[in-house]
1. How big is the convex hull of the Cα atoms of segment 147-190, per residue, in Å³?
2. Out of residues 5 or more away from residue 51 or on other chains, whose amide H comes under 5 Å of its own, with H placed 1.01 Å from N in the peptide plane?
3. Where in the chain are the DSSP H helices whose alpha-carbon span along the long axis reaches 18 Å or more and whose Kyte-Doolittle mean is at least 1.6?
4. How big is the antiparallel share of DSSP beta bridges in the chain, given as a percent to the nearest 5?
5. Direction-averaged shadow area of the convex hull around the Cα atoms of segment 76-222, nm²?
6. Along the charge dipole of the chain, pointing to its positive end and built from +1/-1 on Cβ of Lys, Arg, Asp and Glu, which listed residue (175, 64, 7) has its Cα farthest out?
7. Take the alpha carbon atoms of segment 210-228, find their center, do the same for segment 107-148, and report the distance between the two centers in whole angstrom.
8. Taking just the alpha carbons, could you work out the radius of gyration and Dmax for the chain, both in angstroms?
Amino acid sequence: MPILLALIILLIAAFLIWWLIFETEGVYLGRRAVIALYDLYAHRYDRIKQFDETADITLIGQPLLARVAPQSDPLILDVATGTARLPLVMARMARFDGHVIGIDASRLMLNKAREKIMSARFETFITLLRQDASALPFDDETFDVVTCLEALEFMPRPAQALAEMIRVLRPGGLLLTTIRIDTRWMPDRTFSEARMRTELEALGMRDIEIMIWQEDYSQVWAWKKGAAAPIGPPGLATVLDSTGQIPITYAG
Ligand SMILES: C[S@@+](CC[C@H](N)C(=O)[O-])C[C@H]1O[C@@H](n2cnc3c(N)ncnc32)[C@H](O)[C@@H]1O
């Protein structure tokens, strides 16, 4: 009997560890745990994810530029940029004349991002800042486009993070984010399609499109109501000055 009990306790402990660390990547252990885990896995992140560059260009870069056309030089904020997947997709597109500010809270994910940006010589298209997503250091209505891929569910308060992204988007600006399709293992963190629509509408977004993207995620595209002149790269210096932060430099 004691052996059986010990086995049951061991199994429950193993399940809890699997769920808390591997399946939900630390989200129920707090923000620091999430970032520590991303720091730990940063060197293996790209190998684990095996991103398909061509598919990303077709399913992220091209539709993004098509939606903002005729503007070809949007100033983009990529929240939770990781190893710079979206900034690099944009920089590789011949028609892209804009700039992407990528922010992330994980130092080691950003180090990987910096290595990749430098080796591709895309420094002029991308700036990286170490920054938490829950309180963005930017003025209201600063960006033409805000993106956040595969990350909302890792934020301590996903709805607040979404509100922050929309705050810094200019009227008439474009939002691209994602929702996890399988919501079984992350209660309270993931948005259903219906909840995402309700949240976005309440935050002043229009023309919301939700489409299956890859096995685990749907893409969510939406526009901020109203209209304002495009910002583009000329706004970059002002934006960076206003944060009072030194961007992660590409030198050395
Ligand atoms: C699954 S990765 C996605 C990275 C990238 N967007 C992509 O598509 O490859 C999630 C990222 O969210 C970042 N992250 C998690 N919580 C964060 C927070 N509160 N603020 C900023 N970044 C955060 C992690 O460091 C990690 O780089």
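What follows is calculated from the coordinates using simple rules that are stated; it is not laboratory data. Nothing here was measured: the structure is a model prediction, and the numbers come from that model. Glycine also receives a Cβ, built like all others from the backbone with ideal geometry; neighbour counts cover every protein chain displayed.
1. Hull volume normalised by residue count: 66 Å³.
2. HN-HN under 5 Å from residue 51: empty list.
3. Helices meeting the criterion: 2-17.
4. DSSP beta bridges in the chain are roughly 45 percent antiparallel.
5. Average of the hull's projected areas for segment 76-222 equals 8.7 nm².
6. Ranked along the dipole, the leading option is 7.
7. 20
8. 18.9, 73
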